[in-house]
Amino acid sequence: RLFKKELGLSPIEYKNELRIKKAEELLFDPECTVGEISSILGFENACYFSRLFKKKRGISPADYKKNF
């Protein structure tokens, strides 16, 4: 409860936010695929990673990679 009170996020939400921020950095690397990035960041399921990324950033990781 203290964690959420201080940061406004649960520990899992905080961890996922850090992972999504790192994903944004990795998506700039043309050598890395979305599946590889998902694996690097510890997501067991690339589809879950894609859904979470889209939910948090409003764009799919593949589209983010193309457009930025």
| request: Residue by residue through the stretch 1-57, note down the ones that are among the hydroxyl-bearing types (Ser, Thr, Tyr) and either under 20 Å from residue 67 (Cα atoms) or in a helix (DSSP H, G or I) (or both). | output: 14, 33, 38, 39, 48, 50
| said: Of all residues being open to solvent by 80 Å² or more (accessible area, probe 1.4 Å) and of a type in the set (D, E, K, R) in the stretch 29-38, which is farthest from the chain's Cα centre (by Cα)? Just the residue, please. | reply: 31
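Each row is one residue, and each column tells you yes or no for (1) touching a Phe, Trp or Tyr at 6+ places or on another chain (Cβ under 7 Å); (2) open to solvent by 40 Å² or more (accessible area, probe 1.4 Å).
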| site | (1), (2) |
| --- | --- |
| 3 | no, yes |
| 20 | yes, no |
| 27 | yes, no |
| 40 | no, yes |
| 45 | no, yes |
| 53 | no, no |
| 63 | no, yes |
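The values are calculated or read from the model by the stated rules, or taken from the named source; none is laboratory data. Quick caveat, the model's predicted, so the values are computed rather than measured. Please note: Cβ atoms are built from the backbone with ideal geometry, for glycine as well, and neighbour counts cover all protein chains shown. SASA here: full protein model, heavy atoms, side chains in, ligands and nucleic acids out. Shrake-Rupley method; radii C 1.70, N 1.55, O 1.52, S 1.80 Å.
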